[in-house]
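Report on the following structure.
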Amino acid sequence: MACHIVVLRRRLPVWLIPLLWTLVLGLWGLSRQQSVWRDEAATWQVARRSVADIWHMLGHVDVVHGLYYLLMHGLFECFGPSTTTLRLPSVLAMAVAAACVAAVGHRLAGAWAGLGGGLAFGLLPAVQFHLQEGRPYALIAAGAGISTLLLVTVLDGRGRTVRWAAYGGTVLVCALLNWLSLLILPAHLATLAWTKAGRGIWTRWAASATAAAAASLPLILFSRSQSDQVSWIPPLTWHIMIGPAVLLAIGGLGALLDRPRAGRLSVAAVGLPLLAVPQIGLIGLSLIQPLFLDRYVLFGMLGLALLIGTALGAAVRSTGPRFPRASPWLVPAVVVVAVVALLPQSLAKRSPASRVDDVLSVAAEVRQLKKAGDAVLFIPAARRDTALVSPDDFAGLRDIALTESPAASGTLKGKEAGPDRIRTAMSAQQRILLVTDAPEVARPVSAERDLAKTAVLKECFTAIADEQVRGRRVTVYERRG
């Protein structure tokens, strides 16, 4: 195996092997047993709306993901809605990110460092989770990889204007996918300071970074009016801080193996800021408003993979003089060991149980349980995503609480009637299907409308069927007497 890899890396670009490797990892179990969870359901239902309806919705909610929704709308129009269409962009994006890791590592620390880092990237648990996720974070990771590669290229003495323009454009696209990706700019700023870049590079970088930030400023300001969307994120705790602390410790050890020196362009100068600065920056922002979710700084895993690759490259160099025949086996052996060690986790990430719930499985249960003339309710209203993703399974059911559809209201869950009107509508029903969360993931009911639904069901109806599947629950209620 090692000999084949040596021959391959002589004949093929080093970045090609990690790209294909990550692509294979992404295609493995892509459908997750035909399951779609609530975050992906938001992508699915918005992507199926018209451009006008998406634009209308962005004025009320989720403007931070507007570009991504429009991209997925185009893909759904071309290829039809499916789990493959939903997730394949993330697979391709992560493959590009792995290729960028390999290219940067190769340029700064040699072929084995690039190859090891690129292969390691696809195996990182956080990467494996978002590798098959119908959300924009993998695309941001790809953009971060491209912008980092462009920065390394200009720092390496090839600073043409077109590369600076591409750098600024890539950073801007990432910001339009999620403006927290702008945390890559202070990471790159730290790299410039570490390498003692010349005045010309500082000037061009400042111009490109400022242009990207300024162009994304309207989105940032407008999205602040929709800050209620992230109100559920918990404040920072010591438990939350354990993950970033472990990552930074691992990254620091990898940087030491690179023997970092100020003024030298190295993997440590690129990878350590890329790993550490976005994490620290997001922690700082979370002290003002809770925002810390690891997916917002997923692109920092590029830095971790670079440092892992550097450690592997250093190990190959140190064993080469003593064991020239064994050293080419080192990286393949480590990858095989890592694959075996991470296999249980890799399998878990590709199962429906890896997510909070599954909107498709409960829709299939609704199809089996419904009868002509039945009504349907959702607690909370956000669980209406099941009907929006699988409308055929809900055909014939009357959504008696809904007064304005999600598309018409420019929302993700639609507008419901007041508690009194909901009580009146429920009193006229003989059978009601209730779609809600399974007890293990359900949150206490607090909305007045949902309290009214629960009270009427308890007072006037009897549960005659109850099915729980993959984090969701559907209960059939029949009027007493």
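The values are calculated or read from the model by the stated rules, or taken from the named source; none is laboratory data. Just so you know, these numbers come straight off a predicted model, no measurement behind them. Neighbour counts are summed over all protein chains in view; Cβ atoms, including those assigned to glycine, are modelled from backbone coordinates with ideal geometry. Quick note on the areas: whole protein, heavy atoms, side chains included, nothing else; ligands and nucleic acids left out. Shrake-Rupley method; radii C 1.70, N 1.55, O 1.52, S 1.80 Å.
Quick notes
- Meets criteria (surrounded by 14 or more Cβ atoms within 10 Å (Cβ to Cβ), acidic (Asp, Glu) and within 34 Å of the chain's Cα centre (by Cα)) for Asp466: no
- Restricting the stretch 403-422 to residues that are farther than 21 Å from Ala47 by Cβ and open to solvent by less than 50 Å² (accessible area, probe 1.4 Å) leaves a set whose member that is nearest to the chain's Cα centre (by Cα) is Glu416.
- Residue check, Ala190 at pLDDT below 95 and surrounded by fewer than 20 Cβ atoms within 10 Å (Cβ to Cβ): yes
- Filter result (closer than 22 Å to Glu478 by Cβ and in contact with a Ser or Thr (Cβ under 8 Å, 6 or more places away or on another chain)) within the stretch 433-458: Leu433, Leu434, Val435, Thr436, Val445, Val456
- Consider the stretch 286-339 and keep the residues that are charged (D, E, K, R) and in contact (Cβ under 8 Å) with a residue 12 or more places away in the chain. The one that is farthest from Ala138 (Cα to Cα) is Arg317.
Conditions tested, residue by residue: (1) farther than 30 Å from Gly66 by Cβ; (2) open to solvent by less than 10 Å² (accessible area, probe 1.4 Å).
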residue: Ala120; (1), (2): yes, no
residue: Pro125; (1), (2): no, no
residue: Gly134; (1), (2): no, yes
residue: Ala138; (1), (2): no, yes
residue: Ala141; (1), (2): no, yes
residue: Leu151; (1), (2): no, yes
residue: Asp156; (1), (2): yes, no
residue: Trp164; (1), (2): no, no
residue: Lys196; (1), (2): yes, no
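- Of the residues making up the stretch 223-259, those that are in a helix (DSSP H, G or I) and at pLDDT below 85 number 24.
- A residue that is in contact with a Lys or Arg (Cβ under 9 Å, 6 or more places away or on another chain), free of Cβ contacts under 8 Å to residues at least 60 places away in the same chain, of a type in the set (A, V, I, L, M, F, W, C) and not in a loop (DSSP other than H, G, I, E, B) occurs somewhere in the stretch 68-82.
- Test for Pro13: is it open to solvent by 50 Å² or more (accessible area, probe 1.4 Å) and either modelled with pLDDT of 95 or more or not in a helix (DSSP H, G or I) (or both): yes
- All positions within the stretch 434-447 that are modelled with pLDDT of 95 or more and of a type outside the set (A, V, I, L, M, F, W, C): Thr436, Asp437
- Cβ pairs under 9 Å, 6+ apart, first in the stretch 402-416 and over 18 Å from Ile379 (Cβ atoms), second open to solvent by 50 Å² or more (accessible area, probe 1.4 Å) and among the hydroxyl-bearing types (Ser, Thr, Tyr): Ala407/Ser50; Ser409/Thr403
- Consider the stretch 339-382 and keep the residues that are out of contact with any strand residue (DSSP E or B) (no Cβ under 9 Å at 6 or more places or on another chain) and among the polar types (S, T, N, Q). The one that is least open to solvent (accessible area, probe 1.4 Å) is Ser346.
- Condition check for Arg431: closer than 25 Å to Ala353 by Cβ and surrounded by 17 or more Cβ atoms within 10 Å (Cβ to Cβ): no
- Odd one out for Val173 among (1) touching a residue at least 40 places away in the same chain (Cβ under 8 Å); (2) farther than 30 Å from Gly59 by Cα; (3) open to solvent by 60 Å² or more (accessible area, probe 1.4 Å); (4) among the β-branched types (Val, Ile, Thr): (2)
- Filtered residues of the stretch 391-444 (kept if charged (D, E, K, R) and outside any helix (DSSP H, G or I)): Arg398, Asp399, Glu404, Lys413, Lys415, Glu416, Arg431, Asp437, Glu440, Arg443
Let's see how each residue does on (1) at pLDDT 85 or above; (2) of a type in the set (Phe, Trp, Tyr); (3) open to solvent by less than 10 Å² (accessible area, probe 1.4 Å):
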residue: Arg261; (1), (2), (3): no, no, no
residue: Arg264; (1), (2), (3): no, no, no
residue: Leu274; (1), (2), (3): yes, no, yes
residue: Gly281; (1), (2), (3): yes, no, no
residue: Asp294; (1), (2), (3): yes, no, no
residue: Thr319; (1), (2), (3): no, no, no
residue: Phe323; (1), (2), (3): no, yes, no
residue: Leu330; (1), (2), (3): yes, no, no
residue: Val337; (1), (2), (3): yes, no, no
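- Taking the stretch 96-197 as the region of interest, the helices (runs of 4 or more DSSP H) fully inside it that hold 2 or more residues being within 30 Å of Leu221 (Cα to Cα) and touching a helix residue (DSSP H, G or I) at 6+ places or on another chain (Cβ under 9 Å) are 125-131, 137-155, 161-177, 184-194.
- Of all residue pairs spaced 6 or more apart or on separate chains, those with beta-carbon atoms under 6 Å, a first member in the stretch 196-207 that is at negative phi and at pLDDT 90 or above and a second member that is surrounded by 13 or more Cβ atoms within 10 Å (Cβ to Cβ) and not acidic (Asp, Glu) are Arg204/Trp164.
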